[in-house]
Amino acid sequence: MSGRYAGRAKENGVKREIVVVGGGLAGHAAALGFARAGFDTLLLAPEPPADSRTTALIGPSLDILDELGVWPVLRQKAQDLCVMRLVDDTGRLLRAPTAEFRASEIGLHAFGANVANSDLLAALRGAGGRDAGLETLPDTLETLEPKGGCVRLRTRGGTIIEAALVVGADGRRSTVRDQAGIGQRRWSYPQGAVVLNMRHEGDHGATSTEFHTRHGPFTQVPLPGRRSSLVWVDEPRVMELLPDLEPERLSRLVEERMHSILGRIEIEPGIQSFPMSGGHAHMLAASRVALVGEAAHHFPPIGAQGLNLGLRDAAAIVEAASGHRDDPGADTVLAAYRAARRIDVTTRSNGIDLLNRSLLADFLPSQWARAAGLSALTAVGPLRRFAMREGVSPGSGLRALLPAVLQGDRGRALQRER
């Protein structure tokens, strides 16, 4: 692991201002953020498993990584996402027209960038290794107990740690969440998902295409060169069979599903599959404990929201703690964090759930509502630009509308004066 090893002093224990539990991308980002903000930080995490997936980093995520000193290193390995295309491939009677969103329409070169998770983790680790305020312990949390003005942790290896604030970034089966007594609501979908990377004959043109099918989204996201990642959501019985297909057969099947828009397809090794589910913690924070990333919320891999939400969580808890440096785990810090993240997490989670369920619905009014909504986004310029701005950066659509509203108010006032 990057950083200085902190697994010493089992007899006397280890004291830190911040302990981040979890060695995934959100956990590394949170730990690095605290260290860069001047907090004495420990990252408690075993070696993570290999991950061949990719992540579409959108809007604020790039700013967060830039502030952490990660984006300049990662930039050369990333692929810009300049065009987002939605294709109704349900074959139903009520279908929406193809919708295409261009970043240039809202004054941006790109909505974001697609990067390999392994490259992002390596960049975060490299930055952490250069930060003197960040230590790491490759161990696993066993117990957690608030005790007076701190939290006392015991690892599986026997190390005792005391911290003012514990940040749980240990995934959807979070030990931190369970030990802190924070419940969660969980749900499942009648779907499975397969993620893979592929090479293709045609040029993707920095365009991501999401086919909406009867059983879920089928989404191609560009990578550098003539490569793309794919998230395929379908019935569980279909998803169970795909990883065992011969590579040539699977490649032909993917090309057919994409209607050959990128020509011949060649699937790369490293296919991953998993059931579709969602969940969110009842609270984002409890006594001296805050949750970020999938420990706080998880949902289907649709719309590039998962890690982007987790990075915004990480930035928000660092900002909240930085406003109360005398006690970064105080109730005021946790209240500020909950308030900062509530709307973003709720709207994004509900939006993804609604989109996914709308694809599964055979109820005609539901189909009509979805088709009408996409038709409006295609035909109405201001609505389309509003949706794009909100998709890139929560709240930016409303901020862009405000000058026009104020200008309209001034115009009406002048008309009344005349």
remark   = Scanning the stretch 212-222 for residues that are open to solvent by 10 Å² or more (accessible area, probe 1.4 Å) and in a strand (DSSP E or B), the one nearest to Ala110 (Cα to Cα) turns out to be Val221
key: Test: Glu235 is touching a His at 6+ places or on another chain (Cβ under 6 Å) and either modelled with pLDDT under 95 or under 21 Å from Pro190 (Cβ atoms) (or both)   = yes
task = Name the one entry in Leu134, Leu120, Leu153, Leu144 that is open to solvent by less than 30 Å² (accessible area, probe 1.4 Å) and closer than 20 Å to Lys77 by Cβ.
result = Leu120
ask   = Considering the stretch 37-59 alone, what residues qualify as being of a type in the set (A, V, I, L, M) and touching a strand residue (DSSP E or B) at 6+ places or on another chain (Cβ under 6 Å)?
value = Leu42, Leu43, Leu44, Ala56, Leu57, Ile58
query = Regarding Ile261, is this residue buried (at least 20 other Cβ atoms within 10 Å of the Cβ) and modelled with pLDDT of 95 or more?
reply = no
key: Among the candidates Glu246, Glu235, residue that is of a type in the set (D, E, K, R), touching a residue at least 40 places away in the same chain (Cβ under 8 Å) and open to solvent by 10 Å² or more (accessible area, probe 1.4 Å)   = Glu235
key: Among the candidates Ile267, Ile302, residue that is modelled with pLDDT under 90, of a type outside the set (S, T, N, Q) and in contact with a Pro (Cβ under 7 Å, 6 or more places away or on another chain)   = Ile302
task = Could you please let me know if Val194 is under 28 Å from Ala330 (Cβ atoms), of a type outside the set (Lys, Arg), in contact (Cβ under 8 Å) with a residue 12 or more places away in the chain and part of a strand (DSSP E or B)?
result = no
query = Within the set of pairs 6 or more residues apart or between chains, which connect a residue that is part of a strand (DSSP E or B) and acidic (Asp, Glu) inside the stretch 161-185 to a residue that is open to solvent by 30 Å² or more (accessible area, probe 1.4 Å) and at pLDDT below 95 with Cβ atoms less than 8 Å apart?
reply = Glu162/Lys15; Glu162/Lys147
Subset of the stretch 308-334 that is in contact (Cβ under 8 Å) with a residue 40 or more places away in the chain, open to solvent by 10 Å² or more (accessible area, probe 1.4 Å) and within 25 Å of the chain's Cα centre (by Cα) - its residue that is farthest from Thr41 (Cα to Cα) = Arg312
note = For the stretch 166-176, the count of residues that are open to solvent by less than 10 Å² (accessible area, probe 1.4 Å) and touching an Asp or Glu at 6+ places or on another chain (Cβ under 7 Å) equals 1
key: Options Pro365, Pro403, Pro328, Pro382; residue that is part of a helix (DSSP H, G or I) and at pLDDT 70 or above   = Pro382
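The values are calculated or read from the model by the stated rules, or taken from the named source; none is laboratory data. Quick caveat, the model's predicted, so the values are computed rather than measured. Using ideal geometry, Cβ is built from the backbone for each residue, glycine included, and neighbour counts are taken over all protein chains shown. We work out accessible area using only protein heavy atoms, side chains counted, and drop any ligands, DNA or RNA first. Shrake-Rupley method; radii C 1.70, N 1.55, O 1.52, S 1.80 Å.
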